[in-house]
Amino acid sequence: MKMNGNTMLITGGGSGIGRELARRFHDLGNTVIVAGRRRAQLEETIAERAHMHALTLDISTPQTVEAFAARLLTAFPQLNVLVNNASIMHLEDLSTRYADTDTQAMVVTNLLGPIRLTNALVDHLQTQVDAAIVNVSSGLAFVPLPAAPTYSATKAAVHAYTVALRERLKGKVEVVEVIPPAVQTELTPGQSTREGYMPLDEYIDETMAGFQQRPTPAEILVQRVKPLRFAERQNRHGEMLEMLSGRAPSGPTLARAPAS
């Protein structure tokens, strides 16, 4: 993947990994458009940076995504890189019945969002030089966090989707998967200072170094995520799952469904 001279769209660019990736790629000489739900956060990301732009994005329906794509390509016809980064995470207790409002939101944001946006832009990207699609999954795609089963499942699906997409677009669009470990962001309340999670700056430094490898790896892996990514291969899946079972972060759980 080319490191400068791109026109890039990064979703979830209002905070965390998306914000820092957007700023790093901008500083390398790329035009970067950040997209997300909250305009104020996007404006903070692009503040005082030339060649950075903010667009609000509603991924709730195929129609809203298609409308966004049309608006995006009218304003930025040279778009050649899509980074599907936006995610939300809620904790769930599968041992008891719960309302599934947040479950649905995770599936829409984490899985349908990237699928819909890729679908809306894939024809255009195939006409561009040095085109790339970057999907951000998670180490939890490979060993699930029992306290966050739907989040883990959406990331496992993103991984499978990315593998299939890479095969179908071979020779036309480069497809890269970024696989983070637990990083100090506000993905869940208090996570940005949670002990044992990887500091955000360190994560971004190592991830950008991964992007700069030639050729660009199909998977961008920092050292901390490798025990999860290769747990199955190393016959350590059960060990990793047991570790995660005792490491449930504090945060919001889904409301229980009312008794019928």
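Within the range 1-33, being of a type outside the set (Ser, Thr, Tyr), surrounded by fewer than 20 Cβ atoms within 10 Å (Cβ to Cβ) and over 13 Å from Glu43 (Cα atoms) holds for Lys2, Met3, Asn4, Gly5, Arg24, Asp27, Leu28, Gly29.
Among the residues of this structure, Ile17 does not count as one that is under 29 Å from Met89 (Cα atoms) and not in a helix (DSSP H, G or I). Could you grab me the full set of residues in the range 91-113 that are buried (at least 19 other Cβ atoms within 10 Å of the Cβ), in contact (Cβ under 8 Å) with a residue 60 or more places away in the chain and not acidic (Asp, Glu)? Those that are buried (at least 19 other Cβ atoms within 10 Å of the Cβ), in contact (Cβ under 8 Å) with a residue 60 or more places away in the chain and not acidic (Asp, Glu): Leu91, Gly113.
Within the range 146-170, the set of residues being in contact with a strand residue (DSSP E or B) (Cβ under 8 Å, 6 or more places away or on another chain) and either part of a loop (DSSP other than H, G, I, E, B) or charged (D, E, K, R) (or both) comprises Ala147, Ala148, Arg166, Leu169.
With the condition kept exactly as written, say whether any residue in the range 15-27 is basic (Lys, Arg), within 23 Å of Ser152 (Cα to Cα) and more than 19 Å from the chain's Cα centre (by Cα). Give the steps one after another, and end with the answer.
We begin by selecting, within the range 15-27, every residue basic (Lys, Arg); these are 19, 23-24.
Imposing the further condition that a residue be within 23 Å of Ser152 (Cα to Cα) reduces the set to 19.
Narrowing further to those that are more than 19 Å from the chain's Cα centre (by Cα): none.
No, there is no match, as no residue in the range 15-27 is basic (Lys, Arg), within 23 Å of Ser152 (Cα to Cα) and more than 19 Å from the chain's Cα centre (by Cα).
Among residues that are buried (at least 21 other Cβ atoms within 10 Å of the Cβ) and in contact (Cβ under 8 Å) with a residue 24 or more places away in the chain, Leu73 is not included. Here Thr162 meets the list (1) crowded, with 21+ Cβ neighbours inside 10 Å; (2) under 22 Å from Met8 (Cβ atoms); (3) of a type outside the set (Lys, Arg); (4) touching a helix residue (DSSP H, G or I) at 6+ places or on another chain (Cβ under 8 Å) almost entirely, failing just condition (4).
Tallying residues that are more than 17 Å from Glu177 (Cα to Cα) and not in a loop (DSSP other than H, G, I, E, B) within the range 1-14 yields 1.
Are any residues in the range 86-112 within 22 Å of Arg38 (Cα to Cα) and either touching a Lys or Arg at 6+ places or on another chain (Cβ under 6 Å) or in a helix (DSSP H, G or I) (or both), and if so, which ones? I'd like the intermediate steps shown before the answer.
Filtering the range 86-112 for residues within 22 Å of Arg38 (Cα to Cα) gives 86-90, 101-112.
Hits for the range 86-112 are Thr101, Asp102, Thr103, Gln104, Ala105, Met106, Val107, Val108, Thr109, Asn110, Leu111, Leu112.
Within the set Glu195, Glu177, the sole residue that is among the acidic types (Asp, Glu) and either at pLDDT 95 or above or not in a loop (DSSP other than H, G, I, E, B) (or both) turns out to be Glu177.
In a residue-by-residue description of the range 162-174, the property of being of a type in the set (S, T, N, Q) and without any contact (Cβ under 8 Å) to a residue 40 or more places away in the chain applies to at least one position. Taken together, Val134, Val143, Val83, Val129 contain a single residue that is part of a loop (DSSP other than H, G, I, E, B) and either touching a Gly at 6+ places or on another chain (Cβ under 9 Å) or crowded, with 18+ Cβ neighbours inside 10 Å (or both), which is Val143.
Scan the range 23-58 for residues that are assigned to a helix (DSSP H, G or I) and free of Cβ contacts under 8 Å to residues at least 60 places away in the same chain and jot them down.
Step one: list which residues in the range 23-58 are assigned to a helix (DSSP H, G or I), which gives 23-27, 39-46.
Those that are assigned to a helix (DSSP H, G or I) and free of Cβ contacts under 8 Å to residues at least 60 places away in the same chain: Arg23, Phe25, His26, Asp27, Arg39, Ala40, Gln41, Leu42, Glu43, Glu44, Thr45, Ile46.
Looking at the structure I just gave you, is Phe68 assigned to a helix (DSSP H, G or I), without any contact (Cβ under 8 Å) to a residue 24 or more places away in the chain and not charged (D, E, K, R)? No.
The values are calculated or read from the model by the stated rules, or taken from the named source; none is laboratory data. Treat the numbers as computed from the prediction; the structure is a model and nothing was measured. Cβ coordinates were reconstructed from backbone atoms using ideal geometry, including for glycine residues, and neighbour counts include every protein chain displayed.
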